[in-house]
Amino acid sequence: MTKTFSIDKTTGTFADELLAAGFIRLLENLMGHLGEKDPAITQTDMGHYYQIDVEPGIDAAQFDSTLPAFPLAPVLRTAKNRKKLPDLLENTLYVVDYEEEKEKSDTFFTAYKELEGTLKRAYAIGDDGTFPFDAMPAPPHDHWEVFKLLNAPPMPINGYNQVLGQWY
C-alpha cells in the first residue's frame, strides 16, 4: 500500500508547485473512483522535492480494467483548432467549446449589468438563495477565467491542448 509520493522540484519555478497541485487533484479523483470520498492528502515542502502523503494509502491491486478513465481538465476547442483536435467524447468534462463559452459569458454578464446592486452583491458573495438564477441566462463555465487566460496572447493554447491530448 502506497501512502507517500515525491514530486521533484526540477524547474525551480512555480511550475513545480502546479505539478504538485495537479498530482494532488489526480489523487483526489483516483481515490473518489476507488470509493474513498474524503481522503486526507497533505503536501509538505521538503526542500528539493514535495512530499505528498495520502491516507488511506493506495493499493495497486485496486486498479483494474473496470476503473474508468477520468478527465482532469478539458481540451479547449476554438475556431482555429477545431479540425486539429483529437477525437474526444462530446462531453464538457473532455472538451469545452471556447466560442460557445465566450458567448455564454457575454450574455450572462450583459444581463448581470442590468441587475440592481443587492442582487449583484448576492452573486458576488455566493448567496444563491437570493440571486435570481432562474431569470438569468446560464452562467459562464466555472473555469471561464482560466480558459480566457489560456486563449489570450502570448499563452500557447496549442501546447495546453497537446498535453491534454496525450493524457486522454
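The values are calculated or read from the model by the stated rules, or taken from the named source; none is laboratory data. The shown structure was predicted, so the numbers you read here are calculated from the model rather than taken from an experiment. Neighbour counts are summed over all protein chains in view; Cβ atoms, including those assigned to glycine, are modelled from backbone coordinates with ideal geometry.
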Residue check, Thr10 against (1) modelled with pLDDT under 90; (2) surrounded by 14 or more Cβ atoms within 10 Å (Cβ to Cβ); (3) of a type in the set (Val, Ile, Thr), all met but one. Which one? (2)
Taking only region 12-64 into account, find how many residues are of a type in the set (Gly, Ala, Ser), touching an Asp or Glu at 6+ places or on another chain (Cβ under 8 Å) and touching a residue at least 40 places away in the same chain (Cβ under 8 Å). 0
For region 10-47 the number of residues that are outside any helix (DSSP H, G or I) and in contact with a strand residue (DSSP E or B) (Cβ under 6 Å, 6 or more places away or on another chain) is 6
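Every residue, every condition in (1) modelled with pLDDT under 80; (2) buried (at least 16 other Cβ atoms within 10 Å of the Cβ); (3) farther than 30 Å from Lys3 by Cβ, yes or no:
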{"position": "Lys37", "(1), (2), (3)": "no, no, no"}
{"position": "Leu88", "(1), (2), (3)": "yes, yes, yes"}
{"position": "Asp97", "(1), (2), (3)": "no, yes, yes"}
{"position": "Glu103", "(1), (2), (3)": "no, no, yes"}
{"position": "Thr110", "(1), (2), (3)": "no, no, yes"}
{"position": "Ile125", "(1), (2), (3)": "no, no, yes"}
What residue, among those in region 94-140 that are part of a loop (DSSP other than H, G, I, E, B) and closer than 30 Å to Phe70 by Cα, is nearest to the chain's Cα centre (by Cα)? Tyr94
